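Structure first, commentary second.
The values are calculated or read from the model by the stated rules, or taken from the named source; none is laboratory data. What you see is a predicted model; the values in this text were computed from it and never measured. Ideal geometry is used to build each Cβ from the backbone, glycine not excepted, and the neighbour counts take in all protein chains shown. Keep in mind that these areas ignore ligands, DNA and RNA; they rest on the heavy atoms of the full protein, side chains included. Shrake-Rupley method; radii C 1.70, N 1.55, O 1.52, S 1.80 Å.
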Amino acid sequence: MEPSLLARISDEGCVSLIGMAGAGKSTLASLLARRLGWAWLDTDRLIEATAGASLSALLARLGLEGFLRLEEDVVAGLCVKRCVVATGGSVIYGPRAVSRLKACGPLVFLSIDLETFLRRVGDPGQRAFVVPSGLTLPDVFAERQPLYAAAADLTVTSCGVSPEACADQILEGIAS
């Protein structure tokens, strides 16, 4: 029998949130961190701080492949404890990054439906949203869903519920 997800959390562990843009990763990371008495980290902000530029500027300067390589390098090098980690949606394309997050503790997939995603993300040109050439937003959504599900230790639907209720579900899920 597999140990509970809570067993993967210790004074040195983390909980990481993955999912599409607009799933509520940053909001829930902050809320969960308060409830756990931990810090929280947004990997998008860490990438910006590491590279000294905004995500949009980095994506424009490095191109898609370069940006994904930078994201994977930064996240794969995380060295944090007692932290809730909110990731960028494209982190799922970096196997070393996903492996590092899983080594730190449970990986929680915040699932949203396509309609919610499209409404929340708006115009991807106004944000640093990774869209591989030739794909539409619904294509990217469909491409990533099985990747998130395969990587996750726990999946929680974050649309249609309050952040507090979603946080409760996450805490219950990692305790079982």
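Is the C-alpha gyration tensor of region 47-133 telling us rounded, prolate or oblate? Criteria: a/c under 1.5 is rounded; beyond that, a/b larger than b/c is prolate, otherwise oblate.
Judged from the Cα gyration tensor, region 47-133 comes out oblate (a/c at least 1.5, b/c at or above a/b).
Counting Lys and Arg as +1 and Asp and Glu as -1, each charge on the Cβ, what is the dipole of the chain about the Cα centre in debye, to the nearest 20?
320
Among 68-74, 132-138, 84-90, 34-40, how do they line up from the highest to the lowest mean number of other beta-carbon atoms within 10 Å?
So the order, starting with the most tightly packed, is 84-90, 68-74, 34-40, 132-138.
Which whole-number value in Å³ per residue fits the convex hull of the alpha carbons of the chain?
Convex hull of Cα atoms, per residue: 108 Å³.
First measure r as the distance between the Cβ atoms of THR136 and THR157, then evaluate 1/(1 + (r/R0)^6) with R0 = 25 Å and state the FRET efficiency to the nearest 0.05.
Calculated value: 0.60.
Please report the base-10 log of the normalised intensity I(q)/I(0) for region 114-168, using a Debye sum with one equal scatterer per alpha carbon and no solvent, at each q in 0.32 (1/Å).
Relative scattering, expressed as log10 I(q)/I(0), comes to -1.23.
What distance in nm lies between label points placed 7 Å from Cα along the C-beta direction at ARG35 and ASP168?
So the two model labels end up 0.9 nm from each other.
Given +1 on the Cβ of Lys and Arg, -1 on the Cβ of Asp and Glu, and no further charges, what dipole in debye does region 100-176 carry about its Cα centre, rounded to the nearest 20?
300
Using a 1.4 angstrom probe on the protein heavy atoms only, line up ASP44, ASP168 by accessible area, largest first.
ASP168, ASP44
Towards the positive end of the charge dipole of region 112-176, with charges on Cβ (+1 Lys, Arg; -1 Asp, Glu), say which of CYS166, SER176, GLN145 has the farthest Cα.
The one lying farthest along the dipole's positive direction is GLN145.
What are the membrane-span-like helices in the chain by this rule: whole DSSP H runs, Cα extent along the axis at least 15 Å, mean Kyte-Doolittle hydropathy at least -1.0? Walk me through the numbers before you get to the answer.
Details: long enough: 25-36 (16 Å, 0.30); 55-76 (22 Å, 0.85); 137-151 (21 Å, 0.15); 163-175 (18 Å, 0.36).
Result, helices passing both filters: 25-36, 55-76, 137-151, 163-175.
Please get the size of the charge dipole for region 4-105, origin at its Cα centre, with Cβ charges of +1 on Lys and Arg and -1 on Asp and Glu, quoted in debye to the nearest 20. The partial results should precede the final answer.
Details: 12 positive and 9 negative charges, 61 e Å.
Value, rounded to 20: 300 debye.
Compare SER16, SER111, SER56 in a GNM of the chain, Cα atoms joined below 10 Å, and give the one with the largest fluctuation.
SER56
For the pair LEU118/LEU147, report the inter-label distance in nm, with labels modelled 7 Å from Cα in the Cβ direction.
2.1
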